[in-house]
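Q: Structure below; questions to follow.
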Amino acid sequence: MNDTAFPDTPRVDAREKVRGAARYAADDARPDMIHAALAIATIGRGRLLALDTRAARAVPGVRLVLTHADFGDVKAPGFIMGGGYGFQSMQPMLSDGIAYRGQPIALVAADSLEAAMEAAAKVQATYAPEPFSVTLDADGVEIINQADTPLKNFIPEVIAGEAETAFAQAAIKVDASFSSPPQHQNPIELIATVAEWRGGTLIVHEGTQNAEAVRHGLARQLGLSADQVHVVSHFVGGGFGQKNSLQMQTVLAAVAARRLERPVKLVVPRAQIFHDASFRPASRHRVRLGADRSGRMVAAIHDVDAQTSRHDLFPGEYVATSSRLYGIENFRGHERLVRTDVQTPGYMRAPFEHAACFAFESCVDELSYELGQDPVALRLANDTATDPVSHRPLSSRHVAECLERGAALFGWNRRSMAPGSMRADDGSLVGWGVAIGAYPTMTVPSIARLRVTENGGVFLGIGGHEMGQGIRTTLAAAVARKLGVSPDQVTAEIGDTSIAPQHLTAGSWGTASAVPAANDAADAMLRALAELAPEGPPGRTPAQILKAVGRASLEVQVRHKAPGQPDEIFGRLTSGLPSIAGPVYPDFVTFSYIAHFVEVTVERSTRRIRVPRVVSVADCGRVVSPRTAASQVRGGVVWGIGATLREASEVDPRFGGFLNADLAEYVVPVNADIGSIDVAFIDKPDPLVNNAGVKGLGEVAMVGVGAAIANAVHHATGRRLRDLPIRIEHLL
Ligand code: MOS
């Protein structure tokens, strides 16, 4: 392992992006393109009695209207967490059933987008409505112990020591309940598919985090072989987990394109994305935390109820992380799923960890006030080098350094402990809060091809999706460093199923999986070059060596997998199935960590909460691309502020669905809401998890922001607010 820090590398695709040359799926504007739009159900659950499409068909320019009567041969894709490829198992428009409000009931294809939208609005449905439930506490929900479902095989309950007994005997106790609302990713790029048939081959352009699942899922749905489907996703305009699998519109566009023998573009408008794609499920938490009088945490019990759909069990993994924040010997984590009438929820950036750590780290702050101990000191005193759940060693954990460096950068020693004791110049209450976050370090296998040419080109074909996080830059930086060339000479060819298997890029494993494979490929290339030209002056570039021996190009291929993964994992990889290892590896356990320090001000008369200042220090192992890494953390902190103070998908139990399905009503932070965000990294390579020492960063960046803000609000006002989002009205 090369033990020096990586230099700052500008984004390799920055020029393309600022010039508008980066092509996203919806940018495709060929003259022969047909535009599609969807009509959606306006009841919470039930059946279609009739669909009248005459008015829609009469709109000038309309070429095709498809309903459930037209998809006889199409199969459901299967749920991605249940052996399939779809964000949910249920494919709309295969029957007359309505599982949730907003579900598509008809597709209209027309010469223009305007005609398609006008016609979609004219589809007339008659329904037989049925009762439905859309909130965790509604009549008619079904509550299931996760441990009693097939999910127990991969997400066990967390049981360490004797939590009930140890909690009962603890000298100091905190017992509190929390809630987190449903929330929706709102990436700037809408969900969009361009489907096109060439001969018997289906070509799909779609912004996705999982081109391989789109390919294999479509093959299953349409009865094709995977060789007949080619998926391209060069740029994704934000994924955040929403684009992590086959969406419901893709097969609809493919069928329309086959009927019309023309390329069909289907862009799902923002209002429909709130019902047609996954979202962060509502969850509620009860945390019981016990400590001795010295401040050693001796027991914790974390009970979680999380929303799922009627048709799928979306596995909760909340307690897998809350149990790993500290070295608590006695821990019990228990998760229940609540079936409601919605589309299947899914993974939204830091899907479980954000809500779980909001609850848990709020309790740790309460404990520090019960004990009269500084919240940073309390956290430092409960550090651990061993995984408290599996009792295996942690391969790296630099939480203490994150806290110490963050405290120094923030000026934490100037904080006075008593709530309400600090003031800003304008008289606003000032609160300073701290919290830590953790996120599992997972790894997926990768097959990489590396080719160098005599004119200096370096081409890396590998699995990966560029969704703004900067994976192209990271890969270029890693390969360039190994081969002694400049990063802008390296082209990372990703997001294309014809180049290399495109495993789902999510769970913060993108860099931690692709960079080690790229390192292996570069090492293999160096060996191949040395064999080609054993003699010669040192320090030559690959191009110079190829020229010296008269070769036009040289290519190597490598396979990389996680510690402990069997070779059969490559079969899953090439079938588009999740092939995820970690955070518990055979000999060790690995997580990424972060410490957030937050200043809030609360204006005295309006109680308006502002966040002028955040300091975040991350332990993500080796930082391969300092610039994109810092930008990931800033983005995560901004989202943490949004998730804590703004965002909620509002539900009206009378109607089902989500009410505030647009960016006017689904409130996210704007620039004026964001103050300074200082980011620092420990930047110490993890010694065991992979050859690059990389752990993962994207999601841990926002974990703990919620609790740090809530703890700061308590410090400013003396009020503990335990339901997200925290808004002005809760402080009045
Ligand atoms: Mo992420 S929420 O695993 O794309």
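Q: Got a sec? Which of Val255, Val214 is away from the ligand (no atom under 16 Å from the Cβ) and touching a residue at least 24 places away in the same chain (Cβ under 8 Å)? Working first, answer last.
A: Numbers: Val214 fails: away from the ligand (no atom under 16 Å from the Cβ).
Result: Val255 is the single residue among Val255, Val214 that is away from the ligand (no atom under 16 Å from the Cβ) and touching a residue at least 24 places away in the same chain (Cβ under 8 Å).
Q: Is there any pair with a first residue in region 493-509 that is within 11 Å of Glu466 (Cβ to Cβ) and within 14 Å of the ligand (Cβ to nearest atom) and a second that is in a loop (DSSP other than H, G, I, E, B) and not small (Gly, Ala, Ser) whose Cβ atoms are under 8 Å apart and which are 6 or more apart or on different chains, and what are they?
A: Listed pairs, sorted by first residue: Thr505/Gln209; Thr505/Asn210; Thr505/His465; Thr505/Met467.
Condition check ((1) more than 32 Å from the chain's Cα centre (by Cα); (2) farther than 30 Å from Arg262 by Cα; (3) surrounded by fewer than 16 Cβ atoms within 10 Å (Cβ to Cβ); (4) not hydrophobic (A, V, I, L, M, F, W, C)) across all residues:
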| residue | (1), (2), (3), (4) |
| --- | --- |
| Thr67 | yes, no, no, yes |
| Ile80 | no, no, no, no |
| Gln103 | no, no, no, yes |
| Met117 | no, no, no, no |
| Lys152 | no, yes, yes, yes |
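Q: Next question, about the same structure. Do we have any residue at all in region 217-231 that's within 16 Å of the ligand (Cβ to nearest atom), buried (at least 24 other Cβ atoms within 10 Å of the Cβ) and under 21 Å from Leu94 (Cα atoms)?
A: no
Q: Separate question: Among all residue pairs at least 6 apart or on different chains, which show Cβ distances below 9 Å where the first residue, located in region 414-426, is farther than 15 Å from Gly718 by Cβ and the second is among the basic types (Lys, Arg) and part of a loop (DSSP other than H, G, I, E, B)?
A: Here the result reads Asp426/Arg604, each pair linking region 414-426 to a residue that is among the basic types (Lys, Arg) and part of a loop (DSSP other than H, G, I, E, B).
Q: Six or more apart or on different chains, Cβ atoms under 8 Å: show the pairs whose first residue is in region 228-243 and more than 17 Å from Gly698 (Cβ to Cβ) and whose second is assigned to a strand (DSSP E or B) and modelled with pLDDT under 95.
A: Between residues of region 228-243 that are more than 17 Å from Gly698 (Cβ to Cβ) and residues that are assigned to a strand (DSSP E or B) and modelled with pLDDT under 95, there is no close pair.
Q: Among the residues of region 474-486, what is the count of those that are buried (at least 24 other Cβ atoms within 10 Å of the Cβ) and farther than 12 Å from Gly510 by Cβ?
A: Counting residues in region 474-486 that are buried (at least 24 other Cβ atoms within 10 Å of the Cβ) and farther than 12 Å from Gly510 by Cβ gives 4.
Q: Hey, does region 451-464 have a residue that's under 30 Å from His216 (Cα atoms), charged (D, E, K, R), modelled with pLDDT of 95 or more and more than 16 Å from the ligand (Cβ to nearest atom)?
A: Yes, the conditions are met somewhere in region 451-464.
Q: While we're looking at this one, here's another question. When Leu475 is evaluated against the numbered criteria (1) farther than 28 Å from Pro583 by Cβ; (2) in contact with a Leu (Cβ under 9 Å, 6 or more places away or on another chain); (3) in a helix (DSSP H, G or I); (4) not basic (Lys, Arg), which criterion, by number, is the only one it fails?
A: (1)
Q: Also: Anything in region 461-479 that is farther than 19 Å from Leu246 by Cβ and in contact (Cβ under 8 Å) with a residue 60 or more places away in the chain? List them, or say none. Write out each step before concluding.
A: So the first thing to find is which residues in region 461-479 are farther than 19 Å from Leu246 by Cβ, and the list is 461-462, 466, 468-479.
If the condition is that a residue be farther than 19 Å from Leu246 by Cβ and in contact (Cβ under 8 Å) with a residue 60 or more places away in the chain, then Glu466, Gly468, Gln469, Gly470, Arg472, Thr473, Thr474, Ala476, Ala477, Ala478 are the ones that fit.
Q: Do you know which residues across region 257-272 are surrounded by fewer than 24 Cβ atoms within 10 Å (Cβ to Cβ) and either part of a helix (DSSP H, G or I) or acidic (Asp, Glu) (or both)?
A: Within region 257-272, Arg258, Arg259, Leu260, Glu261, Arg270, Ala271, Gln272 qualify.
Q: From the set of residues in region 672-716 that are within 16 Å of the ligand (Cβ to nearest atom) and in a helix (DSSP H, G or I), which is farthest from Ser631 (Cα to Cα)?
A: Here the answer is Gly706.
Q: Here's a check for you: in region 328-378, which residue that is assigned to a strand (DSSP E or B) and basic (Lys, Arg) is nearest to Ile80 (Cα to Cα)? Before the answer, list the steps.
A: Keep residues of region 328-378 that are assigned to a strand (DSSP E or B), which gives 330-340.
Narrowing the set further to residues that are basic (Lys, Arg) leaves 332, 336, 339.
On the way: Arg332: 28, Arg336: 20, Arg339: 18 Å.
Per the stated criteria, the residue is Arg339.
The values are calculated or read from the model by the stated rules, or taken from the named source; none is laboratory data. None of these values were measured; they are calculated from a predicted model. Don't worry about glycine lacking a Cβ; one is built from the backbone with ideal geometry, like all the others, and counts go over all protein chains shown.
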